[in-house]
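The structure appears right after this line, and notes come after that.
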Protein chains: 2
Amino acid sequence: MLAATICVDCAVRDQSLCGSLTNSELHALNTLGRRRIVRRGETLIWAGEDNILCANLLSGVLKLVASSGDGREQIVGLLYPADFVGQPYPGQADFSVSALTDAEVCIFPRASFERVLTDHARMERLLLQRTLAALDEARSRMLTLARKSASEKVAGFLVDMATRAAATGCRGTPRGPVTFDLPLSRGQIADILGLTIETVSRQMTQLKTRGVIGLPGGRAITIVDRDALAARADPA
Amino acid sequence: MLAATICVDCAVRDQSLCGSLTNSELHALNTLGRRRIVRRGETLIWAGEDNILCANLLSGVLKLVASSGDGREQIVGLLYPADFVGQPYPGQADFSVSALTDAEVCIFPRASFERVLTDHARMERLLLQRTLAALDEARSRMLTLARKSASEKVAGFLVDMATRAAATGCRGTPRGPVTFDLPLSRGQIADILGLTIETVSRQMTQLKTRGVIGLPGGRAITIVDRDALAARADPA
DNA sequence: CGTAACATTGATCTGGATCAAGTGCCGTGG
DNA sequence: CCACGGCACTTGATCCAGATCAATGTTACG
């Protein structure tokens, strides 16, 4: 039957939380999980709503957005394939989750997922470890948002994206120039870094002018001098 | 013997992670834990060092500090009594932990604590829930740091402190003016909010001038009009 | 008391926001 | 095939919140 085979061809089977389960344990999830496509721009979870779902991200990129009462927004996290989405315990969601690119998720009803967690200590431990890592990352970003200059923010962001791109696979050699596509618009980069579109754009052209990066067009970016970029991100 | 009685008079026995353990289970911790005083200004954990300890905070206030290579600092979290301190899994600490006031902690060797955690699913779950809550808080603060104005930051901070002071107990009535002592210097408040001492000071005097708060002297503060303060913190 | 750390207040400077045009890049339709 | 319109991006001019620099005032403590 279809439900029993949902995990078999899962692209993130090993990297996701489910990787902690044995094949037989997967059966439980098989009956709970549903694949779902989320279109670019679509919102999967709305801030303020009750937590009703958990999910594993299979493909695409999602953003976690915090917003103030009067509409200012800040992207407080990005989610990549194999990342866990949502809150396993009851309560209201504090942040919205929406798709930056077309994405596919494997969805579980929250309550069922909570039960799976309590039944599978290994999975719960894995989630704890991921959550601790996410917390460290969030706290690091607090330093960036509060204390770094615009040029440090942009350089740091590009280093992060280059690292991630290298992890997946992209044109170019690891040591020399590397070219890849940013999955984000200038506006979204601004939302991540706590800047405006204009400032991001100006920093990018400045980096191009100084020969640190290249901007071949569209959302493509070439890292010409990774060390210079890293140095700008973190002035010792 | 002393070790066996360490938890008996623990002030935070019920609110801390240990509250999830039965009396008999506490015996295991009893043999592992050691009380320790941390003086105001003293550092308990240094960023970059290996995680070697976990702890429960018994009294006082600790700060979690992120710093950039060139010395800029940002307080990325405050820890209050009953809060958990440290990382239960191997690795390097990303942040320093030091005492804002004289404090007392109940310390466990990291490896032992990890073992306790794996043996006690209830405790692990509690830690997961706390970590998820801390993550939400960190993300909320990302919005504050990146998008809020100085006056919104200070007002929000004072509301938080007032709420916390009310939770413990302080002079004044809940609805009318409430007076309490801030456990932090202006400089430390600045480190939390991503501002400078001068800006924090100016915002405080402005709030006093407008009759929203009173500054009786020292670190004392009177909340005169809590609603006005909350409105300044979150302009709808 | 004296002094050292902390806090307020004032004057000035500046990085990044805001406001305002351009410019290039498709996709659509004529 | 090219004109058109919409969007994302770049570039320029100006403005302003908050940083920085510089005294001065205040509190706590030996």
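The values are calculated or read from the model by the stated rules, or taken from the named source; none is laboratory data. A quick note: this is a predicted structure, and the numbers were derived from the prediction, not measured. Because the Cβ atoms are built from the backbone with ideal geometry, glycine has one as well, and the counts that use them run over all protein chains shown. Accessible surface areas use protein heavy atoms only, side chains included; no ligands, DNA or RNA. Shrake-Rupley method; radii C 1.70, N 1.55, O 1.52, S 1.80 Å.
Remarks
- Scanning the stretch B:201-230 for residues that are open to solvent by 60 Å² or more (accessible area, probe 1.4 Å) and aliphatic (A, V, I, L, M) yields a single hit, B:224.
- Looking only at the stretch A:105-115, residues that are away from chain B (no Cβ under 14 Å) and open to solvent by 50 Å² or more (accessible area, probe 1.4 Å) come to 1 in all.
- All positions within the stretch B:27-53 that are part of a helix (DSSP H, G or I), of a type in the set (A, V, I, L, M, F, W, C) and open to solvent by 30 Å² or more (accessible area, probe 1.4 Å): B:28, B:32
- The stretch B:65-93, residues that are part of a strand (DSSP E or B) and either open to solvent by 40 Å² or more (accessible area, probe 1.4 Å) or more than 7 Å from chain A (Cβ to nearest Cβ) (or both): B:65, B:67, B:73, B:75, B:78, B:79, B:84, B:85, B:86, B:92
- Flag if residue B:222 is in contact with a Gly (Cβ under 7 Å, 6 or more places away or on another chain), more than 13 Å from DNA strand C (Cβ to nearest atom) and either within 30 Å of residue A:63 (Cβ to Cβ) or away from every other protein chain (no Cβ under 14 Å) (or both): no
- Residue pairs whose Cβ atoms lie under 7 Å apart, sitting 6 or more positions apart in sequence or on different chains, and linking a residue in the stretch A:198-216 that is outside any helix (DSSP H, G or I) to a partner that is open to solvent by 30 Å² or more (accessible area, probe 1.4 Å) and within 10 Å of DNA strand D (Cβ to nearest atom), are A:214/A:208; A:215/A:208.
- Of all the residues in the stretch A:185-200, those that are away from every other protein chain (no Cβ under 14 Å) and either crowded, with 21+ Cβ neighbours inside 10 Å or within 9 Å of DNA strand C (Cβ to nearest atom) (or both) number 2.
Listed here are the residues, each with its yes/no results for (1) farther than 19 Å from residue B:93 by Cα; (2) touching a residue at least 40 places away in the same chain (Cβ under 8 Å).
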site: B:12; (1), (2): yes, yes
site: B:16; (1), (2): yes, yes
site: B:24; (1), (2): yes, no
site: B:52; (1), (2): no, yes
site: B:63; (1), (2): no, yes
site: B:69; (1), (2): no, no
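- Subset of the stretch A:139-170 [away from DNA strand D (no atom under 16 Å from the Cβ) and at the interface with another protein chain (Cβ under 8 Å from one of its Cβ atoms)]: A:139, A:140, A:141
- For the stretch A:116-138, the candidate set comprises residues that are of a type in the set (S, T, N, Q) and closer than 17 Å to residue B:94 by Cβ; within that set, the residue that is nearest to the other protein chains (Cβ to nearest Cβ) is A:131.
- Sole residue being open to solvent by less than 30 Å² (accessible area, probe 1.4 Å) and of a type in the set (S, T, N, Q), chosen from B:96, B:24: B:96
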